[in-house]
Structure formats: C-alpha cells, structure tokens
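**Student:** Got a structure for you, written out below as structure tokens; questions coming shortly.
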Amino acid sequence: MKVKPILPFGYCKGVQQAILLAKKAKEENPDRACYLLGMLVHNEETIADLEDHGLIVLDDSKDSLESLLLRIPDGQVVIFSAHGHDKKLDEIARRKRLTVYDSTCSFVSDNLKEAFEASKRGSVIYIGAKGHLEAESFLANFKEAVFYDVKSDLWDPSSVKGSSPTVISQTTLSYLELEKAHKAILSSFPDAKIGPERCLATTLRQEAIATIPDSIKSVIVLGSARSNNSKKLYEIAKEHGKEAYLCLGLDDVKKLNLNPSEEIALATGASTSPKTYHDVLGYLESL
C-alpha cells in the first residue's frame with residue numbers, strides 16, 4: 001500500500017519534555033511513589049508506557065485534580081501535566097510536603113504570562129474548549145479573562161472593557177475554530193489584537209492535512225479520542241472531504257477495511273509516539 005506521510009509526526013517538543021521529566025522524577029525518587037496528576041499527555045499508549053516505568057496515574061476524568069492531589073500520601077512525588085494546572089494546587093502540594101515536577105508546556109506558560117501583561121492595557125479574550133484541561137487551567141489562573149468557548153461559540157462581548165482587547169488561544173485548537181472565533185470577535189472589536197498561534201507542531205500538521213491532494217481519499221490520524229489536537233486533525237480531514245479514521249495505534253488500524261490499491265495519508269497527533277507511527281507505517285506498506 002502506498003502511504004503519504006503527514007509531517008511532522010510523533011511527539012511535539014512539549015510532550016517529549018513532559019515524558020522525560022516524568023521518567024526523571026521516578027529515577028530520582030526510586031523509593032517513593034510518583035504520581036501523574038491527570039493524564040500527563042492525552043494518549044493511552046504513552047501513559048501505559050509511563051506506568052510500566054513505575055509511575056502511578058490519577059485519572060482526571062474521574063475526579064477533580066484538587067481531589068486527586070489531596071489523596072496522594074504526604075511526602076511523595078507529584079508530576080503536573082503538560083496542559084497546565086490551577087496554581088492553588090502548588091500550595092496544596094507544599095502543605096503535603098510533596099516533591100513537585102511541573103511539566104507544563106512552555107507555550108501554555110507563555111499564554112498565561114502574555115495574559116497578565118496584556119491585562120495592564122485592557123481586556124483579555126481567551127479562546128478555548130470548555131472542559132479541556134489547558135483551557136480550564138488558564139481560566140483558573142486568570143479569572144479576568146472573557147472566555148470564548150469554541151464548543152458553543154458562546155461568549156459575552158459586554159464583559160470586554162475598551163475597544164482593543166488582546167486575544168489569546170488554547171494551543172491545540174484547529175485553524176477552522178480559530179478563524180470562526182476571530183471573525184466573531186473582530187466583528188465586535190475591529191481593533192482587537194489577535195495573538196500568535198504558539199504551537200507550530202499543531203499548526204504544521206493541520207496545514208498538511210488541509211493540503212492533501214485530491215487523489216488521496218483517505219486519512220488515518222494516529223491519536224487518542226481524548227487528545228484535542230488529534231481530534232482536530234481528524235475533523236479537518238473530514239472537512240476537506242476525506243474518509244478519515246482516528247486510531248490509537250496499530251491494533252485499531254488492523255481493524256480497518258482498507259483497500260491496498262489506494263494511496264492513504266498517515267498523520268499523528270502531537271502526543272502520539274514515533275514508535276506507533278513507524279509500526280503503523282510498516283504495516284500499511286506491507287499490505
């Protein structure tokens with residue numbers, strides 16, 4: 001089977017750093033329990049690999065991060081996820097005498113720094129997906145933000161002070177969501193300052209998906225259903241008329257009814273390992 005690779009593939013820099021930091025935490029604390037507070041990154045295969053290295057995962061889909069943090073025995077180790085976290089959790093960790101490793105992505109941290117700086121000049125509008133950990137952590141740490149929810153396109157323009165608010169965006173949104181949000185915001189505030197899209201790894205993959213030749217009818221996106229950036233690649237492929245599949249890994253791909261005589265595009269979310277990509281690529285090319 002002929003396969004068109006969608007580049008870049010594999011982990012983005014932020015995910016690579018988060019994984020290395022989590023493994024470092026265990027290596028430096030072999031005699032203590034090391035807890036991942038929530039999904040360090042949104043990929044079940046990656047999390048399973050970290051569990052194999054002795055890390056304990058506390059699933060944020062089952063309870064709040066605060067509740068999960070409070071259950072960690074005093075004096076142990078906690079690793080905060082790449083998506084960011086409410087800064088009040090740092091104080092809880094201090095009271096519990098936990099050793100903290102913070103894997104927050106630099107782009108997520110930069111968004112928060114920009115928001116505090118921009119707030120000196122006027123309002124800040126934050127574009128994000130309600131319920132996503134990155135958006136929720138931003139809003140917890142910067143409560144003054146006017147929130148534009150891409151899931152519902154709901155926001156409150158009347159809460160904006162001044163005529164030129166600064167617009168900051170969640171790093172894993174699709175360009176389609178951003179275009180729609182920017183258009184709505186600019187219709188009310190033509191002088192709004194639209195901030196840069198920080199995550200180049202996300203942007204490049206989305207652009208590559210959007211420009212797949214018409215001759216290629218199908219796209220496999222390797223990523224978790226819990227990964228926002230992976231789901232966006234899938235949605236963009238569908239938006240451009242492709243037959244799209246979102247698969248966690250090789251086992252899911254093997255279940256697909258593919259036509260070996262047709263060329264297919266292969267993409268990965270930013271939290272999918274290079275190993276998964278190469279395993280699937282090898283399988284497809286063997287068909």
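The values are calculated or read from the model by the stated rules, or taken from the named source; none is laboratory data. Values in this document were obtained by computation on a predicted structure and should not be read as measured data. When we count neighbours, we look across all protein chains shown, and the Cβ atoms used for this are built from the backbone with ideal geometry, even at glycine.
A quick yes/no check of all residues on (1) surrounded by 14 or more Cβ atoms within 10 Å (Cβ to Cβ); (2) in the same structural domain as residue 133 (by TED's automatic domain parsing); (3) of a type outside the set (A, V, I, L, M); (4) over 23 Å from residue 207 (Cβ atoms):
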| site | (1), (2), (3), (4) |
| --- | --- |
| 232 | yes, no, yes, no |
| 235 | yes, no, yes, no |
| 241 | no, no, yes, no |
| 244 | yes, no, no, no |
| 257 | no, no, yes, yes |
| 266 | yes, no, no, no |
| 269 | yes, no, yes, no |
| 273 | yes, no, yes, no |
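**Student:** Residue check: is residue 169 surrounded by 14 or more Cβ atoms within 10 Å (Cβ to Cβ), under 19 Å from residue 14 (Cβ atoms), of a type in the set (Ser, Thr, Tyr) and touching a strand residue (DSSP E or B) at 6+ places or on another chain (Cβ under 6 Å)?
**Tutor:** On the way: surrounded by 14 or more Cβ atoms within 10 Å (Cβ to Cβ): yes; under 19 Å from residue 14 (Cβ atoms): yes; of a type in the set (Ser, Thr, Tyr): yes; touching a strand residue (DSSP E or B) at 6+ places or on another chain (Cβ under 6 Å): yes.
Here the answer is yes, as residue 169 does meet what is asked.
**Student:** Also, quick follow-up: Of all residues being of a type in the set (Val, Ile, Thr) and under 22 Å from the mean Cα position of the chain (by Cα) in the stretch 254-279, which is farthest from residue 46 (Cα to Cα)? Just the residue, please.
**Tutor:** First, the residues of the stretch 254-279 that are of a type in the set (Val, Ile, Thr): 264, 268, 272, 276.
Now drop any that are not under 22 Å from the mean Cα position of the chain (by Cα), which leaves 268, 272, 276.
Working: 268: 13, 272: 7, 276: 10 Å.
Here the residue is 268.
**Student:** Among the candidates 151, 161, single out the residue that is of a type in the set (Lys, Arg), under 30 Å from residue 248 (Cα atoms), in a loop (DSSP other than H, G, I, E, B) and out of contact with any Leu (no Cβ under 6 Å at 6 or more places or on another chain).
**Tutor:** Values: 161 fails: under 30 Å from residue 248 (Cα atoms).
Answer to the check: 151.
**Student:** Also, quick follow-up: Go through the stretch 108-157 and report how many residues are aromatic (Phe, Trp, Tyr) and more than 21 Å from the chain's Cα centre (by Cα).
**Tutor:** First, the residues of the stretch 108-157 that are aromatic (Phe, Trp, Tyr): 116, 126, 138, 142, 147-148, 155.
The next check asks that each one be more than 21 Å from the chain's Cα centre (by Cα); those that pass are 116, 155.
Here the count works out to 2.
**Student:** Against the definition (under 17 Å from residue 171 (Cα atoms) and among the basic types (Lys, Arg)), how does residue 2 come out, yes or no? Break it down into steps so the answer makes sense when it comes.
**Tutor:** Values: under 17 Å from residue 171 (Cα atoms): no; among the basic types (Lys, Arg): yes.
Here the answer is no, as residue 2 does not meet what is asked.
**Student:** State the number of residues belonging to the stretch 113-127 that are closer than 17 Å to residue 87 by Cβ and assigned to a loop (DSSP other than H, G, I, E, B).
**Tutor:** Matching residues across the stretch 113-127 total 1.
Yes/no per residue for (1) in a helix (DSSP H, G or I); (2) at pLDDT 95 or above; (3) β-branched (Val, Ile, Thr):
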position: 181; (1), (2), (3): yes, yes, no
position: 202; (1), (2), (3): yes, no, yes
position: 238; (1), (2), (3): yes, yes, no
position: 246; (1), (2), (3): no, yes, no
position: 279; (1), (2), (3): yes, yes, no
position: 285; (1), (2), (3): yes, yes, no
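**Student:** Report, by residue number, each residue of the stretch 112-132 that is in contact (Cβ under 8 Å) with a residue 60 or more places away in the chain and crowded, with 22+ Cβ neighbours inside 10 Å. Spell out how you get there, then give the answer.
**Tutor:** Taking the stretch 112-132 first, the residues in contact (Cβ under 8 Å) with a residue 60 or more places away in the chain are 114, 118, 125, 129, 132.
Across the stretch 112-132, the qualifying residue is only 125.
**Student:** Can you tell me which residue in the stretch 83-104 is modelled with the lowest pLDDT, limited to those that are in a loop (DSSP other than H, G, I, E, B) and within 16 Å of residue 140 (Cβ to Cβ)? It would help to see each step written out before you state the result.
**Tutor:** At the first step, the residues of the stretch 83-104 found to be in a loop (DSSP other than H, G, I, E, B) are 83-87, 96-98, 103-104.
When the remaining residues are screened for being within 16 Å of residue 140 (Cβ to Cβ), the result is 83-87, 104.
Working: 83: 90, 84: 93, 85: 95, 86: 95, 87: 95, 104: 93.
Filtering the stretch 83-104 for residues that are in a loop (DSSP other than H, G, I, E, B) and within 16 Å of residue 140 (Cβ to Cβ), the one modelled with the lowest pLDDT comes out as 83.
**Student:** Would the stretch 166-179 turn up any residue that is more than 18 Å from the chain's Cα centre (by Cα), modelled with pLDDT under 95 and not in a strand (DSSP E or B)? Can you show your working first?
**Tutor:** Start the filter on the stretch 166-179 by keeping residues that are more than 18 Å from the chain's Cα centre (by Cα), which leaves 166-167, 179.
Restricting the remaining residues to those that are modelled with pLDDT under 95 gives 179.
Adding the requirement that they be not in a strand (DSSP E or B) leaves 179.
Yes, the stretch 166-179 has at least one match.
**Student:** Identify all residues within the stretch 244-260 that are touching a residue at least 12 places away in the same chain (Cβ under 8 Å) and out of contact with any Lys or Arg (no Cβ under 6 Å at 6 or more places or on another chain); write none if there are none. Spell out the reasoning first.
**Tutor:** Let us first name the residues in the stretch 244-260 that are touching a residue at least 12 places away in the same chain (Cβ under 8 Å), namely 244-250, 253-254, 256, 258, 260.
Hits for the stretch 244-260 are 245, 246, 247, 248, 249, 250, 253, 254, 256, 258, 260.
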